[in-house]
Amino acid sequence: MGQSRWSCSALLGLGVFALGLLKLSWLTFSGPLLAYANNYDFLRQSACIGVWQWKDGIDKTAGNYQFPIGTLINDGQRLPDMCLYSIDTLFPWLTGLIQGTGAVFDIAWVGGLKVLAFAVLSAALLHRLSTALRVPMALVFFLIAGDWVFAAYANTLYLEFSVVAGCFLVLVAGTQLLAQREAPAPALLVLCVMGLVWLGWSKLQYGLLASCLAVGFALVLFGRWRCAKTALVLLVLALLLPFSYSQLNDSRSPLMQGLNHANKTNTFQGAVLPAAVDPAEALQRLGLPPSCAAGIGHSWYTPRVNDVHLCPEVQQVSRLALPGLFIAQPSTFFVPLHRAIIESRPFYPHYLGKVEPEAGAKAERKVHRAQVTSITTAMAALPLALYVALVYAGLLAAALALTRLAWSFRRGGLSEESRAIAAMLGLGGVVGFYALVSSVFGDGYIELQKHAVALPLALIFQSVGLLWGVFAWGRRIASAR
């Protein structure tokens, strides 16, 4: 009987995973192209490796918001001053290596490598899960991999697909780690580390999240099973991820200095200071002169700010000054956070084109089918007040779940299934909270849907955990009768 249940669970999990992979393949490989247009950020990867978007009449070094371009050219031209390395750069680099210098090829080659890496690692991880976790985690994979909001990043040179893939692997491996009673097998730990590396090297914004999760997992490993060596490996990894990323991308380079100036302008002048009850006192706490009051409410993209910056001193402000300001004036934290929740929908960069103009009605039909079969579409359609309330409820549930989980490590009292559900609620809340905070206090309200791409992923993860909890609760009531 037990073996039969295991077999049914394994087959069901495999089937759900296969459906998710099938949907992701349809979104990525079937025509017409469904992807996000280049807002100029592609330049940062192309400049590193010499692989560029290519279309007659369009400057390869310029952005093109109107529509995506499905063709790449490996002309070998590199622009070191504009290069920003990421683990995501590995995929177009490998494609260029396979195709050869001078080759013109479909961008689906890049998307294919991303999908292949994501599918292989996800399958290996799902195989290492306990029986109870396989179906819920396969369902998470189906909902994420089959959602057009995430899949549309595959055939691009944006970094967000790596954020999504890394987050998924870390959340699933972390849930198994927190739920099981025995010390984890080496294979699970290796996959967890691979997920942390993929997430940590995806982009600067999410490097800190990977490091924090690595520290948390290290504490669990040492506290529960006295796995000192493994815990030490994770602690070293937590330190190496941001250090290695900074070594790849020199913070003193003109590109990084420019990004720093723009991001701080958007954060401090565009989001934090407009929320201050006492702007003069807030400026003083941040170490900014009174003259910077003229820049409050302006972002880097306000007309003429690039030419005549109203507060050039903002470039020298450290974000380490923010906690003190949050304590003195809580509105500077809660108002931007609340607005970030509101502006996080519709979960994708709506200002970017998604289909090539020549694709016509066929592309529109594909977009429609992709949207109506994606869970983020339903999430975005919720009444605003209900959506905001659910996000706050998810953050509160995460705090309660992690507290209960930590208590169970000391006192017991939770089954493996209950710990897994608590871990899904807790870890999902951590990722969702981080996505919001790092986005709004990292670059203000600019491109928030793209920067906070991990938020809908976290909400999906929590929702499946909640659904599993309701199902388990109903099953226990039925068995008691």
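Observations
- Relative contact order computed over the stretch 22-173 (Cα-Cα under 8 Å; 6+ residues apart), in percent: 30 percent
- Taking amide H positions as modeled 1.01 Å from N, with prolines and chain starts lacking one, no residue 5 or more places away or on another chain lies under 5 Å from Ala452.
- Span-rule helices in the chain, defined as complete DSSP H runs reaching 30 Å or more along the axis (Cα) with Kyte mean at least 1.0: 204-225, 384-411, 454-480
- For Asn39, nonlocal amide neighbours, meaning residues 5 or more places apart or on other chains whose placed amide H falls under 5 Å from its own, are Asn64.
- Database note for the chain: Cys without another Cys beta carbon under 4.7 angstrom, Cys8, Cys167, Cys192, Cys212, Cys227.
- Under 17 Å from Lys366, Cα to Cα: aspartates and glutamates that are on another chain or at least 8 residues apart: Asp147, Glu356, Glu358
- Value of relative contact order over the chain, rounded to a whole percent, pairs C-alpha under 8 Å and six or more apart: 18 percent
- Kirkwood hydrodynamic radius over Cα pairs of the stretch 200-260, then Stokes diffusion coefficient at 37 °C and 0.692 mPa s, in µm²/s: 263 µm²/s
- Estimated D of the stretch 131-277 in µm² per second, where Rh is the Kirkwood radius over Cα pairs and Stokes-Einstein applies at 25 °C, 0.890 mPa s: 142 µm²/s
- Rounded Å value of the spacing that divides the Cα centres of the stretch 183-204 and the stretch 22-90: 27 Å
- Cα centroid of the stretch 275-325 to Cα centroid of the stretch 96-159, whole Å: 40 Å
- The aspartates and glutamates whose alpha-carbon is closer than 13 Å to the alpha-carbon of Lys264, local same-chain residues fewer than 8 away aside, are Glu313, Asp443.
- Relative packing of 111-122, 466-477, 281-292, 163-174, which averages over residues the other C-beta atoms within 10 Å, highest first: 163-174, 111-122, 281-292, 466-477
- For the chain: span of alpha carbons on each principal axis (Å, largest first): 72, 56, 47
- Using a probe of 1.4 angstrom and keeping all protein chains present, the accessible surface of the chain works out to 43 square angstrom per residue.
- Taking only protein heavy atoms and a 1.4 Å probe, the accessible area of the chain is 67% carbon and sulfur.
- Pairs over the 18 Å Cα-Cα cut-off, from the set Lys203/Lys450; Lys114/Lys203; Lys354/Lys450; Lys55/Lys114: Lys55/Lys114.
- Helix content alone sets the calculated 222 nm mean residue ellipticity of the chain: runs of n ≥ 4 DSSP H residues at -39500 (n - 2.57) each, divided across all residues, give -21000 deg cm²/dmol.
The values are calculated or read from the model by the stated rules, or taken from the named source; none is laboratory data. A quick note: this is a predicted structure, and the numbers were derived from the prediction, not measured. With ideal geometry, Cβ positions are generated from the backbone for all residues, glycine too; neighbour counts draw on all protein chains shown. With ligands, DNA and RNA removed, areas are computed over all heavy atoms of the protein, side chains included. Shrake-Rupley method; radii C 1.70, N 1.55, O 1.52, S 1.80 Å.
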